[in-house]
Every structure is written in C-alpha cells, then in structure tokens.
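The values are calculated or read from the model by the stated rules, or taken from the named source; none is laboratory data. These numbers were taken from a predicted model, which means no experiment stands behind them. FYI the Cβ positions are ideal-geometry reconstructions off the backbone, even for glycines, and counts take in every protein chain you see. The protein model used for the area step is the full one, side chains on, heavy atoms only, and it has no ligands, DNA or RNA in it. Shrake-Rupley method; radii C 1.70, N 1.55, O 1.52, S 1.80 Å.
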Amino acid sequence: MVSGEYVTCHTENCNPECAKTHRLLRIKSHGHGAKGDNDYEFSLEFLQPVKPEVTHRSTQRLVNITLRKQEECWWDRLTLQERKPLFLAPDFDRWLDESDAEMELHAQEEEIINRVSIESKIHKDPYLALKKGYLFMYNLVQFLGFSWIFVNMTVRLFILGQDSFYDTFHTIADMMYFCQMMAAAEVINPLLGLVKTGVFPAMIQVVGRNVILFVVFGSLQDMQNKAVVFFVFYLWSSIEIFRYPFYMLACIDTEWKLLTWVRYTIWIPLYPLGTLAEAVAVIQSMPVFDETRLYSVPLPQVLGSSFSFSYTLKLYLALMFLGLFINFRHLFRQRRRRFRSRKRKMN
C-alpha cells in the first residue's frame, strides 16, 4: 500500500476530484496556495498500476491521499518519473522498507510462538488452579493479619499517643508471631517452584525478621516495653499491606496500576527505615544480653567465663546491613524490570 502522500493545500474546503486510470491520478482543488485563492490541479503517474479506490483527507495544511497497489510488491520509487515532484512528501510515520517489513514480520512470528509456548505450558499443568488457589489464600491471610496489626497500631496511636509505644508488644505480638511463622512459606514456595522469585532474598528477610521478633523481643522482657518495638512493627506492616494484595491480584491475573506502583515504590523509604529500626533494637538489646547472660556459651577457665551472645549480635548487625544492600538491589532490579516491561507493552 502506498499511503500518506501529501499535496500542498491551505484551505479547509479542499474537495479533490480524482480522475483515475490504472496508473494516473488527477487532483483538482480550489484553495489558498502559492498563487493565492485559486484553482489548483496536478497529476501523478505511478510506477505500477494501482487500484481505482482512492481515499483522501484534507486539512488546512495538506491533503492526505491513500491508495492501494494492484499487486503486492516493492516499488523502487512511487512515480514513473525518476525525480519526485517537489510538492510530494512521504509519511515517514508509516514508511516501511523491505528490511523493516521482514524484521517486523519476524518479531510478530516470535511473539506468536512465545505466546503459544507459554499457553501450552500453562494448559499442561493440571495443578495450576490448585496452586493459584493456595497462593491466593496465603496472601489473603497475610494481608488480613498485617492489616489488623497496622490498623490496631494506628488507632491506638491516635487514642493513646506516645503511651501506645510502650505496650505494643503485649498487644500486637501474638498476631505478629502468627504472620511471621506463616512467612516461612515465602522461602518454601520458590523452592517448590510455586513462585518465580529468588530464594535467597526471601530467606534474608524472613530470617532477619524472626531473629528480631523471637530472639531480641520475644526472649527479653526488658526489650518488650521499649518504644523501638512500635517502630519495627509499624514499618513491617506498612510494607506488607501493599505487598500481599498485589500478589493476591496477580494470582487471578488482575492488575491495579496504582497498587502496582505503590508496591514497587513504597519499599524505597520504608525498607531502609525498617532495617534502621531493627538495628536500634539489636543495639539496645546487647547490654541486656550481657547482663542476663542469656544464650551465652560457657568457655574453659583459660579463655574466660563465657562467650556473650552480644558478640553474635554484633556480627549479625554487620550482616543485617549487608542483607539490606542485597535485598535493596534485588528490589530495585524488580522495579526496573517491571516498569520497563510496562513501557514496552504501552508502546
């Protein structure tokens, strides 16, 4: 198809009259051009025969003419004469040469093959519905649990103010225990191939949070009344109330664009703040572990009385910030890949 040929015309009331043969196209029009308000006409003799059906669209600046070739083949040029008329210009938005057409056709074939391959794999999995049902229910339960924590802490903060900081553990701990024990499935699911995510980043987050919850907070009563508990729990739940519903919708092949953007963006400030709050909790717990000798390892008299657990926490503190770097890089790559794929689909 030869399309998008422009003819100079400067009027809104351009009504071309076309006298057509197999090769010849004549245009007559009244408008304002180089000779002022006047009658204008021109003719084009094409290189090869074209079909008699011709359509046109006029604007104040140009006339857009669309016609079709009689035979599908590549032309060396548009007109029989070698030199292109000065008033004629191709529409490069629609321009397609032979190599471009082959590349476009090849890309379309690859896309069809990939789509058929993916669909065939999906249909071959007899347990797909069961897997999606399990993942949907898991994410729903986690979403409800962390939503309860977030709403409860928010309401208590508005009612009690700063006093709510110091009894957060006694109010929220049971639900947080439940959610964090359930979070072990996030390490098991990729191992079983139920989700296509990395095992190591998920393990870093689950193990790190459980150390803070069960070891630092759960085993030390002196830590349970500290304000840092509130900030750790609140930051954890602030991330999860957006992450789990995003996964829920993915299980039913649904996307909410605003939720997608929040899920891949809100971690940027909250994840480092959560790690910082966890680090504060670890630092505050070290003197308590030294004083109570809890989890200390007895040593021979030659080496000393015991090896304090606080030394282990110092090593864990360094590993915590290493884990922050690993997970931050992992999440950033996910975000970049996600939004890059969306841009490609839009284009």
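Structure data summary
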read-out: So Asp93, is it at pLDDT below 75, open to solvent by 100 Å² or more (accessible area, probe 1.4 Å) and acidic (Asp, Glu); value: yes
read-out: Which numbered condition Lys226 fails, given (1) open to solvent by 40 Å² or more (accessible area, probe 1.4 Å); (2) under 30 Å from Arg338 (Cα atoms); value: (2)
read-out: Residues within the stretch 205-218 that are open to solvent by 40 Å² or more (accessible area, probe 1.4 Å) and farther than 15 Å from Ile172 by Cα, tallied; value: 2
read-out: Scan of the stretch 233-272 for residues that are surrounded by fewer than 16 Cβ atoms within 10 Å (Cβ to Cβ) and basic (Lys, Arg), ordered by number; value: Lys257
read-out: Meets criteria (open to solvent by 40 Å² or more (accessible area, probe 1.4 Å) and modelled with pLDDT of 85 or more) for Leu299; value: no
read-out: Elements of type strands (runs of 3 or more DSSP E) contained in the stretch 5-77, each with 1 or more residues being modelled with pLDDT of 65 or more and not aliphatic (A, V, I, L, M); value: 24-33, 36-45, 50-58, 62-69
read-out: Enumeration of residues in the stretch 183-214 that are in contact (Cβ under 8 Å) with a residue 60 or more places away in the chain and aliphatic (A, V, I, L, M); value: Leu194, Val195, Ile204, Val211, Ile212
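To keep it simple, each residue is scored yes or no on (1) of a type in the set (Ser, Thr, Tyr); (2) surrounded by fewer than 16 Cβ atoms within 10 Å (Cβ to Cβ); (3) over 25 Å from Trp148 (Cβ atoms).
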{"residue": "Thr168", "(1), (2), (3)": "yes, no, no"}
{"residue": "Ile172", "(1), (2), (3)": "no, no, no"}
{"residue": "Leu191", "(1), (2), (3)": "no, yes, yes"}
{"residue": "Lys196", "(1), (2), (3)": "no, yes, yes"}
